[in-house]
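Step one of this worksheet: look at the structure below.
The values are calculated or read from the model by the stated rules, or taken from the named source; none is laboratory data. Here the structure is a predicted model, which means the values were calculated and not measured. Note that each Cβ is placed from the backbone with ideal geometry, even for glycine, and that neighbours are counted across all protein chains shown.
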Amino acid sequence: MTTPETTDTQPAQERPIPTVPEGTPGRDWRAALPAAQPPGAQQPWRRLGPGNRAWVVVITVIALVIGGVLSLFAVGVGTVFNATTVRGAVLLESQQYSATQAGCIGAGPAQGVEQGATITISAGDDVYEGTLGEGRLRQGRCQLGFDLTVPSADPDRNYAVSIGSVRATSVSGAELSSTNPIIVFVAPR
């Protein structure tokens, strides 16, 4: 008896060989693996010889130097962003200023207290400087505004104030640390 797949005239060798499913005994699992690598070390750190990792050390040192520079920069930026901007005004009484067309300037004991003059607030090694703004007449007084950048002020310390060679009233570290404006008067001689 013959089946449709085979006939008596076909030789048995011409039949297709069936595929062997995975897991069937007799299947060679290594046949599906990729071709083998050429002989020799394949890791890039071994190209210069066994155990030669000089380039890894060089890259690590470079990364540490860059990290150190970035951390110094971050500390510097953090200090700048933590600094307090102090706003204040120098007030001159009627005998300490003279009126001008634009506003007012210091006169008599306050000679030199004018727009563009440098105000210096200092105590020991801590020195903060700012520039006086335009003088304006307000309620019978001459008022010259200023802004200072104060990175850190000791609240338990008093700071001497001078405008050029003119002495002014001192301010406390607590005043410099607060967000309230500070008022400075020219001290009598």
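For Ala168, state whether it is on the phi < 0 side of the Ramachandran plot, of a type in the set (Gly, Ala, Ser) and in contact (Cβ under 8 Å) with a residue 60 or more places away in the chain. Yes.
In the stretch 171-184, of all residues being in contact (Cβ under 8 Å) with a residue 12 or more places away in the chain and surrounded by fewer than 16 Cβ atoms within 10 Å (Cβ to Cβ), the one that is nearest to Gln143 (Cα to Cα) corresponds to Ile183.
Of all residues in the stretch 145-170, those satisfying the criterion of being under 15 Å from Thr85 (Cα atoms) and among the β-branched types (Val, Ile, Thr) are Thr149, Val150.
If the condition is being under 19 Å from Pro109 (Cα atoms) and not in a loop (DSSP other than H, G, I, E, B), then the stretch 146-183 contributes Ala160, Val161, Ser162, Ile163, Val166, Arg167, Ala168, Thr169, Ser170, Ile183.
For the stretch 125-168, which residues satisfy the criterion of being farther than 28 Å from Gln101 by Cα, modelled with pLDDT of 90 or more and surrounded by fewer than 20 Cβ atoms within 10 Å (Cβ to Cβ)? Of everything in the stretch 125-168, those that are farther than 28 Å from Gln101 by Cα, modelled with pLDDT of 90 or more and surrounded by fewer than 20 Cβ atoms within 10 Å (Cβ to Cβ) turn out to be Asn158, Ala160.
Table: residues versus (1) in contact with a Cys (Cβ under 7 Å, 6 or more places away or on another chain); (2) over 23 Å from Glu93 (Cα atoms).
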site	(1), (2)
Val113	no, no
Thr131	no, no
Gly135	yes, no
Phe146	no, no
Pro155	no, yes
Ala168	no, no
Val171	no, no
Asn180	no, no
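Count of the stretch 98-122 residues, restricted to those that are in a loop (DSSP other than H, G, I, E, B), closer than 14 Å to Ser165 by Cβ and under 42 Å from the mean Cα position of the chain (by Cα), is 4. In the stretch 94-117, the residues that are farther than 17 Å from Arg138 by Cβ reach residues that are modelled with pLDDT of 90 or more and surrounded by fewer than 16 Cβ atoms within 10 Å (Cβ to Cβ) with C-beta atoms within less than 9 angstrom, at least six apart or across chains, in these pairs: Gly116/Thr131; Ala117/Thr131.
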